[in-house]
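Below is one structure, written out as structure tokens, with a few remarks after it.
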């Protein structure tokens, strides 16, 4: 266990030392995020936060291999070179976006490319379990799009919650510690160690990213998607899928909520007159799912009167609850998965309802009444 701590300490220290340097470079090159109506910060903020995490993570792993630490040697075999290249792709498009502000579809293409490299590296969701019957379902060729969807989805889910100082970074740290614990229980020692190294890299950066932030993170989440796929793969199939979903429950919930409410916001009830009378049908005024707004969970909590710091701490707490539930799925062997999921969904529904999203009133009052208001 001492070796684990030493690697964690090494990555944390490297990140702590490199982050101020990257911050100075970003300021000197004028790579900054300017304030706007949609953003919460009030002054220009340096970007390029993904660089110190990338350097601290990979440099620590390289040092481990250099000193012949066996678990890292097993972990970073030749097939893992494609993982490193995939990291470079995500980092590269993130840096370019920090400088030039690329369109979402361009970033998606590069994320899909990075996800495709995982397939080459034998990473993927090959089998899922029917929770009602317990039977395993081999996905066959479908594992390719499902794996890519997971990687792209988690990468962007972390980006979506990166709206307050330290929120995405702290959430990523909590998830990394969770993946470490799950992997350690299943004796996936390589994944456990790498998760802890990533946690240290993130923790060192969090020192400068927590409120009030001195540097912003930029794109993140790719490595979490990779490690979450591998952390519990030696366990039961259902647990192997459910545990990472729960560990990443906060960003996943916010992403799904965002997509649903933006879709609901885009629909209208239209009256159409023809020779047989009036017809009513739904019409979308445009594809708004990818249009940025200021209505994420953290924004709603801010509107309820909480300070930035309190909102981040509240969401850290929610993230810890989700991660604790992930541990429950692997520790409680006689757990009824269906009842467990129903309880989580009900609790999530109650929490979301308390945020009072106007878009969801369509389910309470009906499409017709909501349409009249709009």
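List of remarks:
- Residues in segment 329-354 that are over 16 Å from residue 252 (Cα atoms), surrounded by 14 or more Cβ atoms within 10 Å (Cβ to Cβ) and at pLDDT 75 or above: 329, 330.
- Residue 188 being touching a helix residue (DSSP H, G or I) at 6+ places or on another chain (Cβ under 8 Å) and modelled with pLDDT of 85 or more: no
- Count of residues meeting criterion [assigned to a helix (DSSP H, G or I) and surrounded by 24 or more Cβ atoms within 10 Å (Cβ to Cβ)] in segment 182-191: 3
- Residue check, residue 198 within 27 Å of residue 125 (Cβ to Cβ) and either part of a loop (DSSP other than H, G, I, E, B) or in contact with a strand residue (DSSP E or B) (Cβ under 8 Å, 6 or more places away or on another chain) (or both): no
- Pairs meeting the criteria (first residue in segment 33-61 and at positive phi, second residue surrounded by fewer than 20 Cβ atoms within 10 Å (Cβ to Cβ) and at pLDDT 85 or above, beta carbons under 6 Å, at least 6 apart or on different chains) are 48/31.
- For the condition surrounded by 14 or more Cβ atoms within 10 Å (Cβ to Cβ) and either in a helix (DSSP H, G or I) or not assigned by TED's automatic domain parsing to the domain that holds residue 209 (or both), residue 179 qualifies.
- Flag for residue 154 being assigned to a helix (DSSP H, G or I), within 22 Å of residue 3 (Cβ to Cβ) and in contact (Cβ under 8 Å) with a residue 60 or more places away in the chain: no
- Qualifying helices (runs of 4 or more DSSP H) (wholly inside segment 29-130; at least 3 residues being in the same structural domain as residue 157 (by TED's automatic domain parsing), surrounded by 15 or more Cβ atoms within 10 Å (Cβ to Cβ) and modelled with pLDDT of 75 or more): 50-66, 81-100, 104-120
- Lone unmet requirement of (1) surrounded by 18 or more Cβ atoms within 10 Å (Cβ to Cβ); (2) at pLDDT below 80 for residue 137: (1)
- Residues of segment 77-96 classified as over 25 Å from residue 66 (Cα atoms) and more than 18 Å from the chain's Cα centre (by Cα), total: 3
- Residue 268 being over 30 Å from residue 341 (Cβ atoms) and either modelled with pLDDT of 60 or more or not in a strand (DSSP E or B) (or both): yes
The values are calculated or read from the model by the stated rules, or taken from the named source; none is laboratory data. As the structure is a prediction and not an experimental result, all values here were calculated from the model. Here the Cβ is made from the backbone with ideal geometry for all residues, glycine too, and neighbour counts use every protein chain on show.
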